[in-house]
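Peer 1: Would you mind keeping the following structure in view while I ask a few things?
The values are calculated or read from the model by the stated rules, or taken from the named source; none is laboratory data. Just so you know, these numbers come straight off a predicted model, no measurement behind them. A quick note on method: Cβ atoms are made from the backbone with ideal geometry, for glycine too, and the neighbour counts reach across all protein chains shown. Calculation scope for accessible area: heavy atoms of the full protein, side chains included, ligands and nucleic acids excluded. Shrake-Rupley method; radii C 1.70, N 1.55, O 1.52, S 1.80 Å.
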Amino acid sequence: MQAQFIPYSRTSLYNDALLQESKRHYEFMNSRRTVREFSTEPIAIEVIENIIMSASTAPSGANKQPWTFCVVTNATMKSQIRIEAEKEEYESYNGRMPQEWLDDLSYLGTDWHKPFLEEAPALIIVFKQSYELKEGQKKTNYYVSESVGLACGYLLQAIHQCGLVALTHTPSPMNFLSKLLNRFINEKPFLLIPVGYLAENVRVPDIKRKGKEEVMVHYR
Ligand code: IYR
């Protein structure tokens, strides 16, 4: 059945105002950094809810919204997640990851220790719904990874907009999260995103983002 169509409009910007707004937004986004050190200061659950509902406005295949955002603020559960993640990461850093991968990461200084899984006040574990389970019936979802990837991008942007910080963490393999969080069979862990205030005196690697010559091709 077709949806009812309703009016939709935007306030348009032109010329200088448009140019300025696009530049302001780029500079704001360019000030986002991934961090691994969080203050333990708690964040109101209402804030996390708003951030997640912002993420959930992302476009998705056939508007299926094939995502579940699990929020863990419970200290015992965070510790369990840390223990399981470090077990996997220890194996990854000590044999599972090929030398090229370890070399590619070495300048970032990451290793198997994941203290941020206990320090960050909230862990958002994003699950993708490979298919939908409606009253026991399997229903197809479309472009699931693209959709959930977009929602995670929106999530990171909302976190940045609030002056908070995050890490896109991918313990590998991640199946332990399905078990610990008791998730449904149609859900697969996608990303683990610790969120919080930035810790004090944090330093981040002095990495460079690619310039427009490298990331953009214009066909005139
Ligand atoms: N998942 C591991 C390894 C890791 C992999 C990539 I690609 C990174 O950009 C960073 C880390 C970890 O979280 O340490």
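Peer 1: Quick one: in segment 168-214, of everything that is open to solvent by less than 90 Å² (accessible area, probe 1.4 Å), part of a loop (DSSP other than H, G, I, E, B) and of a type in the set (A, V, I, L, M), which residue is modelled with the lowest pLDDT?
Peer 2: Ile207
Peer 1: Here's another thing I want to ask about it. Filter segment 90-108 down to the residues that are of a type in the set (A, V, I, L, M, F, W, C) and over 22 Å from the mean Cα position of the chain (by Cα), then identify the one that is farthest from the ligand (Cβ to nearest atom).
Peer 2: Leu102
Peer 1: Return the residue satisfying two criteria in turn: it lies in segment 176-196 and is out of contact with any strand residue (DSSP E or B) (no Cβ under 7 Å at 6 or more places or on another chain) and in contact (Cβ under 8 Å) with a residue 60 or more places away in the chain, and of such residues it is farthest from the ligand (Cβ to nearest atom).
Peer 2: Residue satisfying both the conditions and the ranking: Leu180.
Peer 1: Considering only segment 16-38, how many residues are in a loop (DSSP other than H, G, I, E, B) and surrounded by 17 or more Cβ atoms within 10 Å (Cβ to Cβ)?
Peer 2: Here the count works out to 3.
Peer 1: Could you give me the residue pairs with C-beta distances under 8 Å whose first residue belongs to segment 147-175 and is on the phi > 0 side of the Ramachandran plot, whose second residue is among the hydroxyl-bearing types (Ser, Thr, Tyr) and within 16 Å of the ligand (Cβ to nearest atom) wherever it lies, and which are 6+ apart or on separate chains?
Peer 2: none
Peer 1: Okay, moving on. Considering Leu191, Leu180, Leu198, Leu167, which residue is of a type in the set (A, V, I, L, M, F, W, C) and under 15 Å from Trp67 (Cβ atoms)?
Peer 2: That would be Leu191, the only listed residue that is of a type in the set (A, V, I, L, M, F, W, C) and under 15 Å from Trp67 (Cβ atoms).
Peer 1: Being open to solvent by 50 Å² or more (accessible area, probe 1.4 Å), of a type in the set (Lys, Arg) and either closer than 19 Å to Ala158 by Cβ or within 16 Å of the ligand (Cβ to nearest atom) (or both) is true for just one of Lys87, Lys64. Which residue is that?
Peer 2: Exactly one residue qualifies, and that residue is Lys87.
Peer 1: Ok, one more. Does Pro121 meet the test of being at pLDDT below 95, of a type outside the set (Val, Ile, Thr), out of contact with any Phe, Trp or Tyr (no Cβ under 6 Å at 6 or more places or on another chain) and open to solvent by less than 20 Å² (accessible area, probe 1.4 Å)?
Peer 2: For Pro121, the condition - at pLDDT below 95, of a type outside the set (Val, Ile, Thr), out of contact with any Phe, Trp or Tyr (no Cβ under 6 Å at 6 or more places or on another chain) and open to solvent by less than 20 Å² (accessible area, probe 1.4 Å) - is not met.
Peer 1: Continuing with this model, one more query. Could you tell me which numbered condition Val217 fails, if it satisfies all but one of (1) in a loop (DSSP other than H, G, I, E, B); (2) touching a His at 6+ places or on another chain (Cβ under 8 Å); (3) among the aliphatic types (A, V, I, L, M)?
Peer 2: Of (1) in a loop (DSSP other than H, G, I, E, B); (2) touching a His at 6+ places or on another chain (Cβ under 8 Å); (3) among the aliphatic types (A, V, I, L, M), only one is false for Val217: (2).
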